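Trainee: Just passing along the structure, written as structure tokens.
The numbers here are math on the coordinates, done by the rules we state, and not lab data. Every value quoted in this text rests on a predicted model; they were computed, and no experiment measured them. Heads up, the Cβs are rebuilt from the backbone with ideal geometry, glycines too, and the neighbour counts pull from every protein chain shown.
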Amino acid sequence: MKKNIVAVLLVIALSTAAAFAVDPASFQVQTAVSGINKMKITAAAFPSNGTPSTFDSAAAFAGPLTVTTSGAQTFSAYLSTMSNNRVGYKVTMSATAMTSAVTDQATAYINYTVGVNSKSLTTAGATVVSSVEVINVASLAGLASQSHPISLSVDQASFDAAVEGSYSGTVTFTYTAN
């Protein structure tokens, strides 16, 4: 009889535990990572392990670049980019010759060659020169940055033959996400 009571109590205990069993608890963890697409002309090379906040606070190149002679110019400027764009990005470079315009006079030009990341572009007076792709990143697996020195060399012939006046040209970098 004791065995029967023990057996009955055991069955009741097991069925009671099953009746009060709790489903497992769980929750999801999720986030959304915003795109980071930054470009800046910096005064010094930006480190490859930098963060978005250090990129934002990196000292910018304080132009304009003042030219006093022909040939290679001495200055410190870097094309710096930072991105986490999964499908990558491109940067193109364009430039206009230095020009001096005076009313009722022909516009005068001084040409130069600008270079970045082993790519260069040479201005040609009033002729619009095609832009050059200086960075092409096909894809990224995480946040990445790069920084390349910018070089500029002023054409001796057009500089030496230039008429008096103030001259100004523009180098433009265009960032495009793929």
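Trainee: Using only the alpha-carbon atoms of region 23-77, report the extent along each of the three principal axes, biggest first, to the nearest angstrom.
Mentor: For region 23-77, the Cα spread along each principal axis is 80, 17, 16 Å.
Trainee: Also: Taking the Cα centre of the chain as origin, work out the dipole magnitude from +1 charges on Lys and Arg Cβ and -1 charges on Asp and Glu Cβ, in debye rounded to 20.
Mentor: 1260 debye
Trainee: Helix 2-19 versus the longest principal axis of the chain: what angle, 0 to 90°, nearest 10, using Cα atoms?
Mentor: 30 degrees
Trainee: Run the simple label-point estimate for residue 62 and residue 164 please: 7 Å along Cα→C-beta, distance reported in nm.
Mentor: The modelled label-to-label distance comes out at 3.1 nm.
Trainee: Further, regarding this structure: How high is the FRET efficiency between residue 48 and residue 120 when r is their beta carbon distance and R₀ equals 25 Å, given to the nearest 0.05?
Mentor: Plugging the Cβ-Cβ distance into 1/(1 + (r/R0)^6) gives 0.60.
Trainee: Using the Karplus curve 6.51 cos²θ - 1.76 cosθ + 1.60 with θ = phi - 60°, work out ³J(HN,Hα) for each residue of region 88-102 in order, rounded to whole Hz, and write x for Gly and Pro.
Mentor: Whole-Hz 3J(HN,Hα) from phi for region 88-102: x, 7, 9, 10, 10, 10, 10, 8, 10, 4, 5, 10, 9, 10, 10.
Trainee: Of (i) 17.4; (ii) 18.2; (iii) 20.8, which one was derived for Kirkwood radius over Cα pairs in Å from the structure shown?
Mentor: (iii)
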